[in-house]
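Taking it in order: structure first as structure tokens, then the write-up.
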Amino acid sequence: QVQLVESGGGLVQPGGSLRLSCTASGTRVSLYTMGWYRQAPGKQRDLVARITSGSSTDYGDSVKGRFTISRDNDKNTVYLQMNSLKPEDTAVYFCRADIPMRPYWGQGTQVTVSS
């Protein structure tokens with residue numbers, strides 16, 4: 001059974017930083033494309049960043065230059081370092097494993113950027 005557990009969300013002031021973690025069980029994060037997505041109230045779930053098994057990365061336009069996705073294979077964890085946070089980054093952030101035939105999602109972690 002694959003499980004993804006996100007952590008690291010919280011309340012931060014504009015301009016601040018947070019690091020989100022997504023720890024997997026039942027699979028290895030090194031085997032598949034792993035992604036971070038976010039969903040604000042009343043909006044669709046959008047791609048934030050993803051990292052392939054070959055360590056290629058890509059980012060949503062709104063976070064390029066501010067967010068960095070990385071992976072620690074020994075800890076079986078994917079990270080999202082978020083810098084220069086803006087109020088419009090407020091959302092629930094979800095981790096996803098692009099496993100063939102069936103992607104898996106974590107339960108999400110809330111990020112709120114507010115003064």
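At a glance:
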| quantity | calculated |
| --- | --- |
| Portion, in percent, of the accessible area of segment 1-52 that falls on carbon or sulfur, probe 1.4 Å | 45 |
| Residues listed by number, segment 20-50, amide nitrogen under 14 Å from Trp105 label point at 7 Å toward C-beta | 35-48 |
| Share, in percent, of DSSP beta bridges within the chain that are antiparallel, nearest 5 | 90 |
| Segment Ser25-Thr52, length gained on full extension (0.36 nm per residue, minus Cα span) | 7.9 nm |
| Within a Gaussian network of the chain (alpha carbon springs, distance under 10 Å), most fluctuating of Ser84, Ser30, Ser56 | Ser56 |
| Estimated distance in nm for a label pair at Glu88 and Gln3, the labels positioned 7 Å out from Cα along Cα-to-Cβ | 3.7 |
| Choice from Gln13, Gln81, Gln44 showing the highest fluctuation, given a GNM over the chain with Cα pairs closer than 10 Å | Gln44 |
| Within segment 49-115: Cβ-based charge dipole about Cα centre, in debye rounded to nearest 20 (Lys, Arg +1; Asp, Glu -1) | 60 |
| Mean accessible surface per residue for the chain, computed with a 1.4 Å probe while every protein chain stays in place, in Å² | 53 |
| Among Leu18, Leu85, Leu31, residue whose mean-square fluctuation peaks in a GNM of the chain (springs only between Cα atoms under 10 Å) | Leu31 |
| Rel. contact order, % - alpha carbon contacts under 8 angstrom, at least six apart, the chain | 37 |
| Dimensions (Å) - the chain, Cα atoms, principal axes, largest first | 39, 26, 23 |
| Residues of segment 66-92 with amide N under 15 Å of the 7 Å Cα→Cβ point at Ser17 | 66-70, 79-86 |
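The values are calculated or read from the model by the stated rules, or taken from the named source; none is laboratory data. Note that the structure is a prediction, hence the values are computed from the model and not measured. Here the Cβ is made from the backbone with ideal geometry for all residues, glycine too, and neighbour counts use every protein chain on show. The accessibility values were calculated without ligands, DNA or RNA, using every heavy atom of the protein model including side chains. Shrake-Rupley method; radii C 1.70, N 1.55, O 1.52, S 1.80 Å.
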